[in-house]
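Participant: My questions will all concern the structure given below.
No value in this document is a laboratory result; all are computed from the given coordinates. Since the structure is predicted, the reported quantities are computational estimates derived from the model, not experimental observations. Heads up, the Cβs are rebuilt from the backbone with ideal geometry, glycines too, and the neighbour counts pull from every protein chain shown.
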Amino acid sequence: MAEENSGQQPGGSERGPDEPMLWPFAAARLAMDACFWWLERGPVERGESELDWTTPGALALELATMRLRDFSRTQSGQPALICAPYALHRALIADFAPGHSVVQSLQHGGVDRVYLTDWRSASPEMRYLSIDSYLSDLNIAVEEIGAPVDLVGLCQGGWLSLLYAARFPAKVRRLVLVGAPVDLSVDSRLSQLARSAPEMVYDQLVARGGGNVSGKEMLHVWSKTPSRDDIATALQRDLSDEEGAALLARFDHWNSETLNLPGTYYLQIVNWIFRENRIATGNFTALGRAIDLKDIKAPVFLLAGLDDGVVPAVQALATAGLIGTPPAFVAAASEPSNHLGLFMGARTHAHAWPRIAEWLRDDLTSVLARSA
C-alpha cells in the first residue's frame, strides 16, 4: 500500500474512510497547522437522528460510559461481548448492515448470546473520566452478563479488552483482537502521528473543548467526504445497484454521527499508550494493579488487515509475543482488507468472521489438535 502524504492540510484530497480512525492524533497535527482556522469557525450544527441498529436487540444496562446492548437469541450458552472502539464513531461499526455486521456474523456462526458496548458521547460532566472508568464499567457489564465471557475487541476496543483480560484473567474465557493497536514500538501511522506533536498541543486540544475532545469538530477538520470508491473499498462490494446506494447513504450517515471523548481519557490514551507504549512494555497500571500481559493465558485469536494503513498487520499480530497464552492456543489470520473492512467488509464477513465464530464455539481439545 503506497504511503500517503503526511503533510496534508485540512481539505486535502488524499483521505479515505480509514483516516478518521487516526483522528485523535492527526487532530493534534492539524491543530498546529490550522489553529487560526479553528478559532474562526462557528459552532458545529447537530446532525440528524441516530441510525437504527441492524440486529434486533434490547438495552441490558445503562452505565456512565456505555449502554450495554443485548443481541442474544437465547438466555443460555457462552456469552460473547463485543468491545467496540471508542474513538470517533458510534458502536454501529459492529452492526452496520446485513452482511456487514460483526453481531450478525457471530450469530450466524452459532454464537447465540452476543452483547455490545455502545459507548456514550462525552458530556461536560464526563470530562474527567479515565481509562479506569471505562475498565470499571466494562467489568460491571461482564458481571451483568455473567463471567467468564468471550471478549471481542475491535481496533481501540482491542487494547481495552486486552487490559481487561490481564486485570481480570478469570473473567475472560477467550479473547479476539481485530485490528488492535497494542505494541506501538512496531511502527505505524498511529504511532508516528502520536509522537509528531508536542504534548502541549494535545492539552490545548482538550482545553479548547472545555475538557473534552469534540468529535463533530474533528470530523469537520477532515473536510473531504469519502468517495464512493473509498466506501466501496471499506465495504468490499460494488455500490452501483439499489442496495449499494442504500449502503452508501447509510455509511455517509454513520460517518456524520460522531462521539466526543473525555479529555482525561483521551490524554491517557495519547500519552500512556501511543506515546509511551506502556501496555506493551509492562508499565501500565489498571484499577490499582500493575498489568502484566503474561497473566493472560486464555486462547486468543488475532485478525489483521493486509492493507490496513491504521494498524499494520505486523503490529496487530505482534501481540502474540506479549501475552502468556501458550502458542498452541493462539490463532491468527490476515485478510486482504483495509482497517474499516475488518469490521464492515463483506468479504471479511464471508471468510474471517465465520472462522472466528467457529473458533469461539470449539472446545479447547479441538483448538489444540488443529494447532499441533
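Participant: Determine Rg/Rh for the stretch 232-372; Rg is computed over alpha-carbon atoms and Rh is the Kirkwood hydrodynamic estimate from the same atoms. Show your work: numbers first, answer last.
Facilitator: Working: Rg = 18.4 Å, Rh = 17.8 Å.
Taking Rh as the inverse mean 1/r over Cα pairs, Rg/Rh reads 1.03.
Participant: For a distance above 13 Å, tell me the whole-number percent of Cα pairs in the stretch 223-285 that qualify.
Facilitator: 71 percent
Participant: Output the relative contact order of the stretch 72-204, whole-number percent, from Cα pairs under 8 angstrom with separation of 6+ residues.
Facilitator: 26 percent
Participant: To check you understand DSSP bridge types, tell me what percent of the beta bridges within the stretch 70-204 (both residues inside) are antiparallel, rounded to 5.
Facilitator: Of the beta bridges lying entirely in the stretch 70-204, close to 10 percent run antiparallel.
Participant: For the stretch 65-101, which trypsin sites (Lys or Arg not before Pro) are both in a DSSP coil and crowded by at most 14 other Cβ atoms within 10 Å?
Facilitator: R73
Participant: Next up: What is the diffusion coefficient of the stretch 190-267 in µm²/s, taking the Kirkwood radius over Cα pairs and the Stokes-Einstein relation at 20 °C with a viscosity of 1.002 mPa s?
Facilitator: So the translational diffusion coefficient is about 146 µm²/s.
Participant: How large is the translational diffusion coefficient of the stretch 114-163 in µm² per second when you combine the Kirkwood radius over alpha carbon pairs with Stokes-Einstein at 4 °C and 1.567 mPa s?
Facilitator: Result for D is 109 µm²/s.
Participant: Let me ask you something else. For F301, list long-range residues whose amide hydrogen, built 1.01 Å from N in the peptide plane, is under 5 Å from its own amide hydrogen.
Facilitator: Amide H to amide H, under 5 Å and 5 or more residues apart or across chains, F301 pairs with L175, V176, L177, A331.
Participant: Taking the Cβ of A286 as the center, what net charge do the other residues with Cβ under 11 Å away carry, scoring Lys and Arg +1 and Asp and Glu -1?
Facilitator: In short, +1.
Participant: Could I ask something else about it? Amide H of H89: which non-local residues (sequence gap of 5 or more, or other chain) have their own amide H closer than 5 Å, using H built in the peptide plane?
Facilitator: L259
Participant: How much length, in nm to one decimal, is gained on full extension between A249 and Q204, taken as 0.36 nm per residue of separation minus their Cα-Cα distance?
Facilitator: Full extension from A249 to Q204 adds 12.7 nm.
Participant: Size of the stretch 94-250 along its principal axes in angstrom, Cα-based, largest extent first?
Facilitator: Principal-axis extents of the Cα atoms in the stretch 94-250, largest first: 47, 42, 35 Å.
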